[in-house]
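J.: After the structure tokens below, expect a handful of questions from me.
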Amino acid sequence: MRLRNAIIAIAAVLCIASCGIYSFSGTSIKPDVKSITINYMEYKAMKVNPSLSNDLTEAIRNQFRRMTGLEQLDMDGDLEISGQITGYDVRASAVTAGDVAAQNRLTVTVKIDFTNRKYPEEDFTGKTFSAYADYDSTNSLDAVESSLCAEIVDKLVEDIFNATVAQW
């Protein structure tokens with residue numbers, strides 16, 4: 001009985017995995033899509049953060065390396081992601097009774113273009129993604145910027161990944 005249940009479980013897993021569209025990472029990449037090109041994210045925001053373009057680009061590449069079996073190519077991948085950082089803004093997010101900022105919010109906005117050379121109906125152009133992190137106004141942005149940016153990049157990467165290959 002135990003052997004029969006094990007065989008049925010293994011057969012079920014093989015059936016699900018062999019259909020090629022479902023994966024345990026949550027992606028919906030079709031089996032004939034084999035490669036991806038992830039272009040460098042250009043920095044177009046007014047306020048400068050010299051490392052953000054590189055950090056975001058590498059984080060997206062790492063996410064695709066970890067979560068998919070796609071080969072990463074410098075050009076002409078079956079899938080292609082390109083984009084630009086269009087916003088890097090700090091604003092007050094919570095104000096005290098004396099009109100003093102209690103918390104500030106760093107927001108990063110990116111525009112992404114996605115091309116699927118095998119299934120062009122999945123393409124999108126100029127889709128905007130935005131993420132933010134709050135910090136106490138007693139801290140200077142310089143003191144917390146690297147940790148805030150890491151948190152924001154993680155959120156952006158998850159949203160971009162989901163929009164491109166998880167199609168959520």
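The values are calculated or read from the model by the stated rules, or taken from the named source; none is laboratory data. Remember, predicted model here, so these are calculated numbers, not experimental data. So basically every Cβ, Gly included, is an ideal-geometry build from the backbone, and we count neighbours across all protein chains shown.
J.: Which ones in region 49-76 are hydrophobic (A, V, I, L, M, F, W, C) and either in contact with a strand residue (DSSP E or B) (Cβ under 8 Å, 6 or more places away or on another chain) or free of Cβ contacts under 8 Å to residues at least 12 places away in the same chain (or both)? Quick ask: steps written out before the conclusion?
T.: From region 49-76, those hydrophobic (A, V, I, L, M, F, W, C) are 52, 56, 59-60, 64, 67, 70, 73, 75; that's our starting set.
Correct list: 52, 56, 60, 64, 70, 73, 75.
J.: For region 145-168, enumerate the residues that are touching a Phe, Trp or Tyr at 6+ places or on another chain (Cβ under 9 Å), among the charged types (D, E, K, R) and closer than 19 Å to residue 70 by Cα.
T.: 159
J.: Got a sec? Which of 43, 22 is over 19 Å from residue 152 (Cα atoms), among the hydroxyl-bearing types (Ser, Thr, Tyr) and either at pLDDT 95 or above or out of contact with any strand residue (DSSP E or B) (no Cβ under 6 Å at 6 or more places or on another chain) (or both)?
T.: Numbers: 43 fails: over 19 Å from residue 152 (Cα atoms).
Only one candidate passes the filter, namely 22.
J.: Among the residues of region 114-157, how many are free of Cβ contacts under 8 Å to residues at least 12 places away in the same chain and of a type in the set (Asp, Glu)?
T.: 3
J.: Still on this structure, please answer the following. If I ask for residues that are of a type in the set (Phe, Trp, Tyr) and either in contact with a Cys (Cβ under 8 Å, 6 or more places away or on another chain) or not in a loop (DSSP other than H, G, I, E, B) (or both), which ones from region 38-47 would you list?
T.: Initial filter on region 38-47 (of a type in the set (Phe, Trp, Tyr)): 40, 43.
43 - this is the single residue of region 38-47 that is of a type in the set (Phe, Trp, Tyr) and either in contact with a Cys (Cβ under 8 Å, 6 or more places away or on another chain) or not in a loop (DSSP other than H, G, I, E, B) (or both).
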